[in-house]
Every structure is written in structure tokens, then in C-alpha cells.
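Asks: Take this structure, written in C-alpha cells, and hold onto it; I'll ask about it next.
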Number of protein chains: 2
Amino acid sequence: MSVRAEQKQKTRRALMDAALTQLSPEKGFASLSLREVAREAGIAPTSFYRHFNELDELGLALVDEAGVTLRQLMRQARKRIEKGGSAVGTSIETFMEYLSSNPNHFRLLLRERTGISKAFRTAIKAELDHFATELAEDLKRAGDLKDRPLDDPQMVADAMVAIIFNQGSEALDSSPKEKATLKERLKIELKYILRGAEIITIENRAKNKAD
Amino acid sequence: MSVRAEQKQKTRRALMDAALTQLSPEKGFASLSLREVAREAGIAPTSFYRHFNELDELGLALVDEAGVTLRQLMRQARKRIEKGGSAVGTSIETFMEYLSSNPNHFRLLLRERTGISKAFRTAIKAELDHFATELAEDLKRAGDLKDRPLDDPQMVADAMVAIIFNQGSEALDSSPKEKATLKERLKIELKYILRGAEIITIENRAKNKAD
DNA sequence: TGTACATCAGTGAACGCGCGTTCACTGATGTAC
DNA sequence: TGTACATCAGTGAACGCGCGTTCACTGATGTAC
């Protein structure tokens, strides 16, 4: 890459980091201003336009980044499970690590999922659907392997993602102690769903035989 | 009430309705301006201060209102169930009716739950906790009655509320046809949780006996 | 290698805009006698 | 019932502010020969 292209890349990165850094419980992406972000990144407001057409374009780049990280994470969790960890426990552990190391990426997903901008909502929904679909495949594989197939792996995964995100939002701004409690709760709630979906398969089979 | 007090009450109502009306998929409470709301309500911007100290105070009044409506709704659902409706089915039906008739109240809860203002988050969390706790009591009562007690009714209720709200947000801006599909999905996902929590009670009992 | 020209990331001045908030006011409603 | 005064919801002018965006520019980097 040429010197010029490298420098441009660096500034782009600085802009994205500036936006990300400014997120907090009291400040959402929607309440950032272009001038604020440029200031934080150390460039003139007008220079912003050399990199993005508008602030939302930067936001969407961040959503994309959050998605990439999330997928890396899943691959990681899968490896740990293959090496013999408990599926639910390991997944929760991995997810909580993601939360701690990328709180603002998660904050962005969490908030803009129900936010003002259609583009954000669509992009985030796509990331979450992708996440849920991969999870569904994992669940199906695991269920078949243990000979305890799930009633509808996709629905199980959807329900799990809803609960994971809900608890994630509570975990974001809580103390380590509270986090431990939340992990326990999350584990139990996910088990309800899993066991329920296993049992319903069995019940439906019995019903079909009876017919 | 004196004429003056009545008129004041009316204007206050007009302000709250103005704010509520302006909410939409593209506009959240956080992106309303005091001037906009006053304009919509037909008063001068300065008159706003005769009713609220700031825009957020109006928003919190709306959250409170949403909570009241939500509780009325639960009482209604409980009555219908006592008259012999299916518990899960009736609850979902009632909730979806709430969504359709108070979309903007729900939008407010949904968005500001993860929003910028601590006061909003706290107020909404209190409403949802209250909702979940009442639900937990209902679930416990129903489970004991059928002699299929739930492992931990409060957790079951928490998980259910997370899923209900998640699906509610999808249902908000979807067609009647999509709504029907969502209702089915919601029903199944809630059943997973319920059945799971029932089974785990049984399994734990067996385990305790074995010890 | 040296020269002449092209590209383009970053700039500072300037713009018009809607915002929240203050202030001193008006005039209808309410109250005391 | 009538009168004199108090209350207070609603007002219009004015303020300073930060915003997004435009524009013509600068000067370092890149390219062609």
C-alpha cells in the first residue's frame, strides 16, 4: 500500500475508534455529532467527508466490524466445545468475554437494533439472524449426536439469541459480582429452552405413534 | 376542577399526545425536540415549561402511562384465562392486541429501555420487573394447580418477558400476515421454556431421591 | 535520476438553521371582602 | 352581587450555541516521461 493510502487508512481507523470510544451508557451513536467525532479523531470536521459520506456510513462500518468479531468468537467457542467443554457453559463464557472486551461494539448492536435508522436495523438484524442460524446448526448437530433431537433448532436458536442479548444488555454495566449471577441465570434459562425443545420432540413422536 | 385547572390538564394531555404521535420507526423520543412537541400541541415553545421542567419529564410520564396500560392488560388476560382460555395462547393474544392499540407506548418502552437516559432505563426496568413478577406469580399458581410445578417461576417469567419483548419489536412494524407467523413462533418458544422448567423440576426431584 | 504535472487528504472561513432557555408581558380566571 | 387584587397559563422577542455542509485552497505524495 502506498504511503498515501496507508495514511488514509489510519485516519479512517481513527474516526471509527473515535466514534466507538465516545459510546457509553449516556451516549448512543445517534447522539454523536460529526464534529465531535472529527474532533476526537484529531481532524477538521470537513475532512470527515474524505472517508464517509455521512456519520451513519461510519456507524454501519462499525456494525459490520461487530459482526465479524461476533463470528470469530463463535468459531472460537466451537473449538473449545469440540475439545470437550460443556456446550451451554462454554458459549456463555465466550459471549461474556466478548462483552467485556468489546462493550461498545455490543452497545452499538444493542441500541441501534431498535434505533431510528432503517439501515442500522436491517444490518443488525442480518448479523443476528446469521448468528442465530449458525447457532441453530450447532444445536441440531449436537442434538442429533446425543440422540436427543430438538423440536425446531431454528426456533430454539432464536429464543436463545433473544435471551442472550437481553441479559447481555444487563451485564454490560454491572459489577463482576452481578455478572456472575447473570451468567448463572442465563445458563438456567437457556437450559429450560433446550430441555423443553428436547421433550417436545419426544412428546410429538409419542403422539404420532398413537395416531 | 376549576376551569383553569381543566384547561391546564387539557394542554398537558395535548403535549403528551403530541410527543406520542410523533414517534415512529424513524423517530424515537430521544430525537424529538421541545419546540417540535410544542408546535404539534399547538402552544408556544415557552409554554411547555408551565407543564414540565424538561422534555424527559414528559417522557417519563409517558413511560408511567405505558406501565399502567400494561397492568390493566394483564388483569384482563387473567380474567379471560380464568374463564377457561389457554394460558399461553390468551396471554399472547392479549399482548398482541396491546401492541396494535398502543404501538407508540410500546415503541417508547422498547427503545428507551436501552436508551441514553438513566432515568428512562430505570423507570422502564421497574415496569418490566413488575410485569415479570406478576407473571411469575401467575405461572407458579398455574403450575401448582396442575401439579406440574415450575423449577423457578421467576426465571421462567424473566425469560418469557425477554422473548415477548423481542418478538414484540418485530411485530410492531409487520403486516397482519407476518404477525400471525410471529404469534405462532412466540407460542412455541414460550412452550419450550414452560415445558423445560416443568421437566427440570421432575428431574431434580428424581435426583434428590437418588441421593 | 530529474522534471513537470496530476492527484487528493486535509484545511479554515463561512453559511444558514433549529435548538433550549430567559425574560418581561398579557389577560382570563380565581379569591377575598 | 360588585369590586379590587392575586394568580398563573400562555406569549413573542431575543440570546447564544453547536450543528452539517459548501467552498476554494494547500502542499505532500504519486506518476509519466
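We did not get these values from a lab; they are worked out from the coordinates using the rules stated. Source: prediction; values computed, not measured. We place every Cβ from the backbone using ideal geometry, glycine too, and count neighbours over all the protein chains shown.
Asks: Could you look through the stretch A:41-73, keep only residues that are loosely packed, with under 14 Cβ neighbours inside 10 Å and of a type in the set (Gly, Ala, Ser), and pick out the one that is farthest from DNA strand C (Cβ to nearest atom)?
Replies: Only one residue tops the list, namely A:Gly42.
Asks: Any residue in the stretch A:88-108 that is at positive phi sitting within a Cβ distance under 9 Å of a residue that is of a type in the set (A, V, I, L, M)? List the pairs, counting only those 6 or more apart or interchain.
Replies: Between residues of the stretch A:88-108 that are at positive phi and residues that are of a type in the set (A, V, I, L, M), there is no close pair.
Asks: Restricting attention to the stretch B:136-148, report how many residues are within 14 Å of chain A (Cβ to nearest Cβ) and part of a helix (DSSP H, G or I).
Replies: Number of matching residues: 3.
Asks: Mind listing just one residue for me: the one in the stretch B:1-11 that is near DNA strand D (Cβ under 8 Å from one of its atoms) and without any contact (Cβ under 8 Å) to a residue 40 or more places away in the chain and, of those, nearest to B:Ala61 (Cα to Cα)?
Replies: Filtering the stretch B:1-11 for residues that are near DNA strand D (Cβ under 8 Å from one of its atoms) and without any contact (Cβ under 8 Å) to a residue 40 or more places away in the chain, the one nearest to B:Ala61 (Cα to Cα) comes out as B:Lys10.
Asks: Name the one entry in A:Ala87, A:Ala66 that is over 18 Å from A:Thr21 (Cβ atoms) and aliphatic (A, V, I, L, M).
Replies: When all the criteria are applied, what remains is A:Ala87.
Asks: Could you list, in sequence order, all residues of the stretch A:1-28 that are in a helix (DSSP H, G or I) and within 14 Å of another protein chain (Cβ to nearest Cβ)?
Replies: Of everything in the stretch A:1-28, just one residue is in a helix (DSSP H, G or I) and within 14 Å of another protein chain (Cβ to nearest Cβ), namely A:Gln22.
Asks: Examine the stretch B:149-160 for a residue that is surrounded by fewer than 23 Cβ atoms within 10 Å (Cβ to Cβ), farther than 23 Å from A:Thr114 by Cα, over 20 Å from the mean Cα position of the chain (by Cα) and more than 9 Å from every other protein chain (Cβ to nearest Cβ), and state whether such a residue exists.
Replies: Yes, the stretch B:149-160 has at least one match.
Asks: Here's a follow-up. Which members of the stretch A:12-40 meet the condition of being over 26 Å from the mean Cα position of the chain (by Cα) and within 12 Å of DNA strand C (Cβ to nearest atom)?
Replies: A:Arg35, A:Ala38, A:Arg39, listed by residue number.
Asks: I'd like to verify a number: residues in the stretch B:100-134 that are within 14 Å of chain A (Cβ to nearest Cβ), outside any loop (DSSP other than H, G, I, E, B) and surrounded by 16 or more Cβ atoms within 10 Å (Cβ to Cβ), how many?
Replies: 15
Asks: When both residues are 6+ apart or on different chains and their Cβ atoms are under 8 Å apart, which pairs have a first residue that lies in the stretch B:29-41 and is more than 14 Å from chain A (Cβ to nearest Cβ), and a second that is assigned to a loop (DSSP other than H, G, I, E, B) and within 10 Å of DNA strand C (Cβ to nearest atom)?
Replies: Within 8 Å, the pairs are B:Leu34/B:Glu54; B:Ala38/B:Ala44.
Asks: Ok, one more. Select from the stretch B:178-211 the residues that are without any contact (Cβ under 8 Å) to a residue 40 or more places away in the chain and under 22 Å from the mean Cα position of the chain (by Cα) and list them in ascending order.
Replies: Those that are without any contact (Cβ under 8 Å) to a residue 40 or more places away in the chain and under 22 Å from the mean Cα position of the chain (by Cα): B:Glu178, B:Ala180, B:Thr181, B:Leu182, B:Glu184, B:Arg185, B:Ile188, B:Glu189, B:Tyr192, B:Ile193.
Asks: If you don't mind, another one. Among the aromatic types (Phe, Trp, Tyr), within 10 Å of DNA strand D (Cβ to nearest atom) and touching a Leu at 6+ places or on another chain (Cβ under 8 Å): which single residue out of A:Phe95, A:Phe52 fits that description?
Replies: The conditions single out A:Phe52.
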